[in-house]
Amino acid sequence: MLLSVLAALATLNFAESTQCDPSSYHQPAAAHSAVELPLLAGHTRSVVEPFQFAVVAPESRMYTPSLPGWHGTISAAAIVTPALGARFAMYLVNASAGASSTDGTLYEGAPSGLERFLYVLHGTVFVKEESQGERRLEYGGFVYYAPGEKMNTFVGDEGSSFVLIDQVYAGAFKPVSVIGNEAEAGTEFVPGEVFKLRRLLNGSDPGYDFNIHIMDFAPGEYMNVKEVHYNQHGLLMLRGHGIYLLGERFFPVATGDALYMAPFVPQWFGALGPTSARYFLYKDVNTNPLLH
């Protein structure tokens, strides 16, 4: 199986870049994929196993002109939702200048206890919060909206692309909203591993019931542990390419690919090629396994 996947990788022309390629997120078309594939009708690398895992490649994503709680010109693809078996939703969003969210998590029709996380991929987003004033967020900037938070968010003149995580809060405490940038988060040492990890929310604070990790792998680096755990994941490849083990199958993945991993699905990643690999990773934390 592994040899067949490596052979398939050799036939793909992966675009190399030194940062997240914003063109991967502007249009839901194969022409903007970070992977150059034959223009075959109906072709996709996407694979979905409901309640197990999903690999959603750019050429098969469907965008709609709306996003709950947002106003203005929006194009959003729902990559992960509870229909897949997840306890959260993950969107990839393209927003034109002037698009805004003025109600935070309190928009009309929002589920009780909604919390949100926004991570900027391209362009500029401005966040206005009473105690911190206005913050300008560019690539790597993020904002966590605590449940019940009425925070103003506006897209800059050049537009923006971002990842949005929605979840109904499952923790036992009241979390605090956070505005920051991944560059401000120091890298952590993970015992037994070689990759670099940046944690964007304080996972040791029991008020947060999920975290966002930015994972960096040098060329040729890989996980030493094949992970099996009760946590679930939503993932977006930000740079480079590699191979992901999901269950008993290996999948080539590249910049722009999105993944979902259900609890207890075996998983493993290795970075292939001459450039580094990076991905955005959602992980639920500080929740009682008996409640799910």
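The values are calculated or read from the model by the stated rules, or taken from the named source; none is laboratory data. Treat the numbers as computed from the prediction; the structure is a model and nothing was measured. Glycine gets a Cβ as well: all are built from the backbone with ideal geometry, and neighbour counts include every protein chain shown.
Which one of these is among the hydrophobic types (A, V, I, L, M, F, W, C), modelled with pLDDT of 95 or more and within 24 Å of Pro82 (Cα to Cα): Phe250, Phe217, Phe210? Matching residue, one of Phe250, Phe217, Phe210: Phe210. Just checking, does segment 123-138 include any residue being assigned to a loop (DSSP other than H, G, I, E, B), buried (at least 18 other Cβ atoms within 10 Å of the Cβ) and either modelled with pLDDT of 95 or more or of a type in the set (A, V, I, L, M) (or both)? The answer is no; no qualifying residue exists. Of the residues making up segment 253-292, those that are among the hydroxyl-bearing types (Ser, Thr, Tyr) and at pLDDT below 95 are Thr275, Thr287.
Checked against (1) loosely packed, with under 14 Cβ neighbours inside 10 Å; (2) of a type outside the set (Gly, Ala, Ser); (3) assigned to a strand (DSSP E or B), Leu40 passes all but a single condition, namely (3). Does Pro263 count as crowded, with 16+ Cβ neighbours inside 10 Å, out of contact with any Lys or Arg (no Cβ under 7 Å at 6 or more places or on another chain), without any contact (Cβ under 8 Å) to a residue 40 or more places away in the chain and not in a strand (DSSP E or B)? It is true that Pro263 is crowded, with 16+ Cβ neighbours inside 10 Å, out of contact with any Lys or Arg (no Cβ under 7 Å at 6 or more places or on another chain), without any contact (Cβ under 8 Å) to a residue 40 or more places away in the chain and not in a strand (DSSP E or B). Of all the residues in segment 78-109, those that are under 21 Å from Pro147 (Cβ atoms), of a type in the set (S, T, N, Q), in contact (Cβ under 8 Å) with a residue 24 or more places away in the chain and part of a loop (DSSP other than H, G, I, E, B) number 2.
For segment 154-167, the candidate set comprises residues that are out of contact with any His (no Cβ under 9 Å at 6 or more places or on another chain) and buried (at least 16 other Cβ atoms within 10 Å of the Cβ); within that set, the residue that is nearest to Ala218 (Cα to Cα) is Val163. Applying the condition of being polar (S, T, N, Q) and either in contact with a helix residue (DSSP H, G or I) (Cβ under 8 Å, 6 or more places away or on another chain) or not in a helix (DSSP H, G or I) (or both) to segment 54-77 and asking which residue is surrounded by the most Cβ atoms within 10 Å (Cβ to Cβ) yields Ser75.
Screening segment 220-260 for residues that are among the polar types (S, T, N, Q) and touching a residue at least 60 places away in the same chain (Cβ under 8 Å) and picking the one that is surrounded by the most Cβ atoms within 10 Å (Cβ to Cβ) gives Thr255.
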